[in-house]
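Participant: First the structure, then my questions, so here it is.
None of the figures in this text is laboratory data; all of them are computed from the coordinates on show. Values in this document were obtained by computation on a predicted structure and should not be read as measured data. All Cβ positions, even for glycine, are placed from backbone atoms using ideal geometry, and neighbour counts span all protein chains on display.
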Amino acid sequence: MHIRLLPTNVLTIIFCLFCFASITTAAAPPSSEEIPLDKALERFYTHNYDVLINRYEIDKGQADIITARLLPNPTFTFNHEGLRTKDFPTAGENSKMQMRLDQLIELGGKRGLRTDIARETLEAVKLSHKDNIRLLLNGFYTMFYNFKLDLLNLEQSRAELKRFDRILDIAEKRFNAGHLSLVDYTKIKYSRVDLENNLTILGNQARNDGEMLGFIIGSEKPLRPLITTRDTFEDYKIDELVNTASENRYDILALRRLLKSAEYNTALTKAGRIPDVTLGAEYDTYTRQNTPGIGFGFNLNIPVFNRKQGELSRRNAEYRQLEVQINKQKRQIGVEVRQALNNFDASKQVFETYKNRKSDIELLLERSEKAFSLGGISTLDLLDTQKIYREFITKYNSALIQSNLNSELIKIVTGELK
C-alpha cells in the first residue's frame, strides 16, 4: 500500500484550520446577554441571596416591637378540695371550690421603655442591613470588573491569534521560497500552541466568572457585563472622604442607634426597682350546700434586698462598651478610607505607566512583524517581541480594570450606595 504525503503548505493549512476550529469551540464563552452595571445592581439588590436572607432580620425586629407592646396575660386558677373518694366523687361536708383571676399591672413605664428599646434596635437592624449590602457590594463590583477583564483578555487573545496566523502565512511563504530555515519555521508554527492554550484558559475563566456573576445577581441565564471603562480618573481629597464616610457609613449609624437603645435599657433597669402589682379576684364555695363567697387581693414585690444593682451595673458597662466601640469604628473607617485611596492611587499610577507606553509597544510589534516579513530580524527576535507585547497588553488591561474597580471601591468604603 502506498501512502501519499501532502505538500508542506497543505499540511500547514489543515493544521491551522483544525486548531482554529477546536480552539474557537473550546474558548468561546456561552452565548449570553449583556447587562449594564445599573441593571446588574438592580438585580443584586432584589435577587442576591445574602441580601434577601439578611432582610429577614428587619422582620424579626418588627416582631420584637409587637411583642414589647403586648400586655401581660391574666392568670386563671381553679381549685377544688374535699371530694369523697369511696363512691362517685361528690361534694362532702368539708368541700371547697376556688376560682381566681390575677392580672399583673406593670408600673414605672416598663412597657413603653421596652417598646422604645425594640424600636431603636429595629432602626439599628435596618442600618446594619444597609451596611451588609455595602460589604456585599465589594464582592459584586470585584466580580463584575474581573469578568470584564476576562472579556478584554479573551478579545485580545483572539486578535493575537489572528495576527499570529498572518505571520505564520508569511513564514510559510519565506520557507517555501528558501529564505527561512525549517527549524525557524517549525518554531513559529508550534509557538501557536501557547496562544491556543491561553485562549482556552481565558475562555474557561470567562465561563466560570459568568456562572458566579449570575449567582450573585440571581440570574438563571448567563450574562455578560456591559460597562465602559475609563482611562482618566478624578482626584480625591482624603479629608473629604473621611468626613463623608463618618457621616454616611451605616455601621457607625447603627452603633449610634444601639447606644440610644442602651440608654433605654438602662432606664428600663432603673424602672425595675419600682414593684409591679398583681391584682386578683376570686369566687369561692364551701361545703355541700356550696355557700358562695367573693374575695379579692393583690401581690406586691417589695424591693428591699434586690434593687437591680447587678443588672444596672451591667447596663452601664454595656453602654460604655458601645461608646468605645463607636470610637473604634470611627478610627477604623478612617483607616479603611485611607487604604482604599492608597490602593486607588497606586493602581492609577501603574495604569498611567502602561498607558504612556502602550503606543510604543504597539509600534514595536508592527515594525518587528514588517521587519520579519522582509527578513530584517530573526525568528527568535520576532517571537520575543510578540511575547513582550502579550505580557504588556495583559498587564495594561489588568491595570485599567483595577483602576476602575478601585474607583468604585472608594465610593463603597465611604458608604455610598447606588
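Participant: Calculate, for LYS387 and GLN339, the FRET efficiency according to 1/(1 + (r/R0)^6) with r their C-beta to C-beta distance and R0 56 Å; round to the nearest 0.05.
Facilitator: That pair, LYS387 with GLN339, gives E of 0.95.
Participant: Shifting gears a bit: Please give the calculated 222 nm ellipticity per residue for the chain, where each DSSP H segment of at least 4 residues contributes -39500 (n - 2.57) and the sum is spread over every residue; nearest 500 deg cm²/dmol?
Facilitator: Rounded to the nearest 500, it is -25000 deg cm²/dmol.
Participant: So who's got an amide H within less than 5 Å of the one on HIS80, skipping anything under 5 residues away but keeping other chains? H placed 1.01 Å off N, in plane.
Facilitator: GLN98
Participant: Is region 99-246 best put as rounded, prolate or oblate by its Cα gyration tensor, with a ≥ b ≥ c the root eigenvalues, rounded for a/c under 1.5, and otherwise prolate when a/b is larger than b/c, oblate when not?
Facilitator: Judged from the Cα gyration tensor, region 99-246 comes out prolate (a/c at least 1.5, a/b above b/c).
Participant: In Å, what is the Rg of the alpha-carbon atoms in region 297-341, and how long is Dmax?
Facilitator: 20.7, 70
Participant: Under 8 Å for C-alpha pairs, at least 6 residues apart: give me the relative contact order for region 239-391, rounded to a whole percent.
Facilitator: 23 percent
Participant: Need the full-extension length gain, ASP59 to GLU282, defined as separation in residues times 0.36 nm minus the C-alpha distance. One decimal, nm.
Facilitator: Stretched fully, the ASP59-GLU282 segment lengthens by 76.2 nm.
Participant: Can you list the residues, at least 5 places off or on another chain, whose amide H is less than 5 Å from the amide H of ARG224, using H built in the peptide plane?
Facilitator: Amide H to amide H, under 5 Å and 5 or more residues apart or across chains, ARG224 pairs with GLU33, GLU34, ILE35.
Participant: Could you tell me the relative contact order of the chain? Use alpha-carbon pairs under 8 Å, at least six residues apart, and round to a whole percent.
Facilitator: Relative contact order here is 25 percent.
Participant: Sticking with this structure for a sec: Order by neighbour count: VAL304, VAL337, VAL277, VAL51, fewest other Cβ atoms within 10 Å first, most last.
Facilitator: Listed from fewest to most nearby Cβ atoms, that is VAL304, VAL277, VAL51, VAL337.
Participant: Pull out a ≥ b ≥ c, the square roots of the eigenvalues of the alpha-carbon gyration tensor of region 219-266, then state rounded if a/c is under 1.5, prolate if not and a/b is larger than b/c, and oblate in the remaining case.
Facilitator: Judged from the Cα gyration tensor, region 219-266 comes out oblate (a/c at least 1.5, b/c at or above a/b).
Participant: Quick check: residue separation of ALA177 and LYS110 times 0.36 nm, minus the Cα distance between them. What number comes out in nm?
Facilitator: Difference between extended and current length: 14.1 nm.
Participant: Taking the Cβ of LEU409 as the center, what net charge do the other residues with Cβ under 12 Å away carry, scoring Lys and Arg +1 and Asp and Glu -1?
Facilitator: Result for the neighbourhood of LEU409: -1.
Participant: Is any residue of region 117-161 close enough, with backbone N under 20 Å, to a label point placed 7 angstrom from the Cα of HIS47 along the Cα-Cβ axis, and if so, which?
Facilitator: Once the point is set 7 Å along Cα→Cβ of HIS47, 133-134, 136-148 turn out to lie under 20 Å by backbone N, inside region 117-161.
Participant: Still on this structure, please answer the following. What whole-number distance in Å separates the alpha-carbon centres of region 346-388 and region 279-339?
Facilitator: What the calculation gives is 76 Å, centre to centre.
Participant: Could you tell me the relative contact order of region 335-417? Use alpha-carbon pairs under 8 Å, at least six residues apart, and round to a whole percent.
Facilitator: Relative CO of region 335-417 lands at 52 percent.
Participant: I would also like to ask the following. Which distance in nm do the two modelled labels at ASN316 and MET99 give, with both placed 7 Å along the Cα-to-Cβ direction?
Facilitator: 5.1 nm
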